[in-house]
Amino acid sequence: MTASSVVHRATATRGMTPDTALAIGLDLGGTKLATVLIGPDGRIRHRHHREHHARDYPAVLDAITGAVRECDTLGYAPVVGLAVAGPLDRDRERVLAALNLGFADRPLRADLRERLGRPVVLENDANAAALAEHRVGAGAGARCLVLLTLGTGIGGGIVVDGQVLRGAAGAAAELGHLPVGTDGAGCGCGATGCLELYASGTALGRLAGAGRTSRDVVAAADRGDPTARRLLAEAGERLGAAVLMLAPAIDPDVVMLGGGLAHAAAGHLLPALRDRLTVGWPFRARRAPARVCLAGCGVDAGAIGAALCAMDEAAETMPAGVGAGF
């Protein structure tokens, strides 16, 4: 499914009519800001990805405001969804920590609502991507979907029966911190053996040594380098081990990998992940292991998911019969 058809399908599944589907979705990371504008015809009418290196809160607000204003020149969207790389509070009002953006514990939702003069919905970026994949991507129709996003670190999102699993304090699905290692390696979260230490982009560069990056490792593996191939196979096995830790608790039927590293190294990671699940799947007597695949919404997943969150909230709160102006 192409990104241009995403929202037409999404609005149909949520009972919204085409004239209520106008929304802006943004995905804010440490070095990029992705934006999509979903038009009243139920299609993505505008998308833009820009680099940004904001490292303080006012600069982040300025970057988001500028992206929204740019969309406003193409058509006013009465709701805005923002996906953020960091944990949120339970009510999704504040960003508790966004270390790669240079701020923590700020009322981002209220501040943006005041600046933009319209409703704003916040979501964790991996949760937003998981929602997009479940609603309109490669995991459409799954009963229980697990998404692992591989980049500098590892994020995660879980969707069960159509609902994002957020947990008691909004901190569920931090899958990069599942303990899969036994070598005592310490993680920045304070625990040891976390998945991020073995299967993230940062980890691959560190394990390869000699100043190499994960991009170097993938390129070398594609050329047939045995050491690079081994590192990626081991990363896939660690990802499988993490899924097997989750399986008895949530019984997923779809497991997918997303993020830049996953797409670049899919040919190396996915087979190792599938093999690990085949060997260790706890429900073999009842059904086959979960389907393993690559995420389908690509680089737009977080922004699409943020827009869907905004549309969902608007659909739940707007009076009956109200159209595009809410």
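The values are calculated or read from the model by the stated rules, or taken from the named source; none is laboratory data. Everything quoted here is computed from the prediction, not taken from an experiment. We place every Cβ from the backbone using ideal geometry, glycine too, and count neighbours over all the protein chains shown. For the accessible areas, the whole protein counts, side chains as well, though only heavy atoms, and no ligand, DNA or RNA atoms are used. Shrake-Rupley method; radii C 1.70, N 1.55, O 1.52, S 1.80 Å.
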Practice task
Within the range 138-151, identify whether any single residue is under 29 Å from Arg69 (Cβ atoms), among the β-branched types (Val, Ile, Thr) and open to solvent by 10 Å² or more (accessible area, probe 1.4 Å), and answer yes or no.
Solution key: yes
Exercise for the section: May I ask you to verify whether Leu112 is under 20 Å from Gly25 (Cβ atoms) and in contact (Cβ under 8 Å) with a residue 40 or more places away in the chain? Expected result: yes
Fill in the blank from the handout: So, first residue among the small types (Gly, Ala, Ser) in the range 244-269, second residue assigned to a loop (DSSP other than H, G, I, E, B), Cβ within less than 6 Å, six or more apart or across chains; the pairs are Ala247/Pro282; Gly258/Ala295; Gly259/Gly151; Gly260/Gly151
Exercise for the section: Collect the residues in the range 98-124 that are of a type outside the set (Asp, Glu) and open to solvent by less than 30 Å² (accessible area, probe 1.4 Å), keeping them in residue-number order. Expected result: Ala98, Leu101, Phe103, Leu108, Arg109, Leu112, Leu116, Arg118, Val120, Val121, Leu122, Asn124
Handout entry: Matching residues in the range 196-248 - criterion: being in contact with a Lys or Arg (Cβ under 6 Å, 6 or more places away or on another chain) and either under 26 Å from Pro282 (Cβ atoms) or not in a helix (DSSP H, G or I) (or both)
Key = Tyr198, Ala199, Glu237, Gly240
Fill in the blank from the handout: Scanning the range 249-279 for residues that are part of a loop (DSSP other than H, G, I, E, B) and closer than 21 Å to Arg212 by Cβ, the one most open to solvent (accessible area, probe 1.4 Å) turns out to be Gly259
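Conditions (1) surrounded by fewer than 18 Cβ atoms within 10 Å (Cβ to Cβ); (2) touching a helix residue (DSSP H, G or I) at 6+ places or on another chain (Cβ under 7 Å); (3) not aliphatic (A, V, I, L, M), marked per residue:
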position: Arg230; (1), (2), (3): yes, no, yes
position: Ala285; (1), (2), (3): yes, no, no
position: Ala295; (1), (2), (3): no, yes, no
position: Gly302; (1), (2), (3): no, yes, yes
Handout entry: Within the range 32-53, considering residues that are buried (at least 21 other Cβ atoms within 10 Å of the Cβ) and under 14 Å from Val68 (Cα atoms), the one modelled with the lowest pLDDT
Key = Ile38
Exercise for the section: Quick one: in the range 186-205, of everything that is in contact with a strand residue (DSSP E or B) (Cβ under 6 Å, 6 or more places away or on another chain) and not hydroxyl-bearing (Ser, Thr, Tyr), which residue is farthest from Glu174 (Cα to Cα)? Expected result: Gly186
Exercise for the section: Confirm whether Asp19 is part of a helix (DSSP H, G or I), farther than 24 Å from Leu150 by Cβ and modelled with pLDDT under 90. Expected result: yes
Problem - Among (1) farther than 25 Å from Leu22 by Cβ; (2) crowded, with 19+ Cβ neighbours inside 10 Å, the one test that Leu131 misses - result: (1)
Exercise for the section: Looking for whichever is touching a His at 6+ places or on another chain (Cβ under 9 Å) and either open to solvent by 10 Å² or more (accessible area, probe 1.4 Å) or modelled with pLDDT of 95 or more (or both) here; the options are Leu207, Leu195, Leu244. Which one fits? Expected result: Leu195
Exercise for the section: Would you check which residues across the range 88-137 are part of a helix (DSSP H, G or I) and under 15 Å from the mean Cα position of the chain (by Cα) and list them? Expected result: Asp125, Ala126, Asn127, Ala128, Ala129, Ala130, Leu131, Ala132, Glu133, His134, Arg135, Val136
Practice task
Would you confirm whether any residue within the range 56-72 is open to solvent by less than 60 Å² (accessible area, probe 1.4 Å) and modelled with pLDDT under 80?
Solution key: no
